[in-house]
1. Amide H to amide H under 5 Å from Tyr178: which residues, 5+ apart in sequence or cross-chain, H placed 1.01 Å off N in plane?
2. Leu96's amide H: which non-local residues (gap 5+, or another chain) put their own amide H closer than 5 Å, with H modeled 1.01 Å from N in plane and none for Pro or chain starts?
3. Using each residue's phi in region 87-95, evaluate 6.51 cos²θ - 1.76 cosθ + 1.60 at θ = phi - 60° and report the 3J(HN,Hα) Karplus result to the nearest Hz, with x for Gly and Pro.
4. Near the amide H of Ala63, under 5 Å away, which other amide H atoms are found, from residues 5 or more places off or on another chain, if H is placed in the peptide plane?
5. How would Lys69, Lys185 rank on accessible area, largest to smallest, probe 1.4 Å?
6. Got a sec to turn the phi values of region 6-22 into Karplus ³J(HN,Hα) couplings, 6.51 cos²θ - 1.76 cosθ + 1.60 with θ = phi - 60°, whole Hz, x for Gly and Pro?
7. Please list Asp62, Asp172, Asp164, Asp177 in order of solvent-accessible area, largest first, computed with a 1.4 Å probe with all protein chains present.
8. Calculate one ³J(HN,Hα) per residue across region 59-67 by plugging θ = phi - 60° into the Karplus curve 6.51 cos²θ - 1.76 cosθ + 1.60, and present them in order as whole Hz with x for glycine and proline.
Amino acid sequence: IMMAAKAVASVLVTRLGTPVAAVNVELASPNDNSGFGYFGDMGGSTSGTTNAQGMATLPPCDAGEYTLKARATSTSPATEMKVNLAPGQQQIVVELASGVLTGTVVGNSGPVAGAEVRLGNRTEEGTSQRGQFAISFSSGGDDDEDEIQTIDFSPGQTTARTDDKGQFRFQDVPAGDYEVKVIAKGLITETAEVGPFDGA
């Protein structure tokens, strides 16, 4: 009986060239769209967590093409890269996205504390009516002007909550088109378009 050799991947995760500990890394097949960075943990996936040196060794898997996903915190969207694993041992280096997306949720009475903010990929499903609060965004640049927009939303990638000043923060955000959905008690659920976001 011939047994196919398995692929054993060691993953080094860095941010701005520095190894990062406690990062969740996961291999997903290219056809699986349910990765943890978007819609919750996948069942039966090949995953691991980086150690103090930023290294994680994943369980053996079949050789082939995968999407490698890395996420440092529960409020960080997954940084993704395509990998083609060969039989045997190999090391992959993943550079985490370093974008920071911040915002403030403001209601009629001022900042809204404890609101749930969901970050997701932008959809093309039309526009919504103005609600009871506005959402302002800044991508961290001194020259950026805040935008206030509202559009429809489909379920998102990751969730944060606003602090007592109504502010929220998402770290390690890759470049892309995003939108956020804000849910707060006593307020109409609203969504605002963020993208395109340059990841800086």
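The values are calculated or read from the model by the stated rules, or taken from the named source; none is laboratory data. In this text the structure is predicted, and so the values were computed from the model without any measurement. Ligands, DNA and RNA are excluded from the accessible area calculation, which covers all protein heavy atoms including side chains. Shrake-Rupley method; radii C 1.70, N 1.55, O 1.52, S 1.80 Å.
1. Amide H to amide H, under 5 Å and 5 or more residues apart or across chains, Tyr178 pairs with Arg122, Val194, Gly195, Phe197.
2. Result for Leu96 returns Thr14, Arg15, Leu16.
3. After applying 6.51 cos²θ - 1.76 cosθ + 1.60, I find x, x, 8, 7, 10, 10, 10, 10, 9 Hz.
4. Ala7
5. Lys185, Lys69
6. Those phi angles translate into 8, 8, 10, 9, 9, 10, 9, 9, 10, 10, 6, x, 9, x, 10, 8, 6 Hz.
7. Details: Asp62 85, Asp172 10, Asp164 130, Asp177 60 Å².
If we order Asp62, Asp172, Asp164, Asp177 from most to least accessible, we get Asp164, Asp62, Asp177, Asp172.
8. For region 59-67, the Karplus curve yields x, x, 9, 5, 5, x, 8, 9, 9 Hz.
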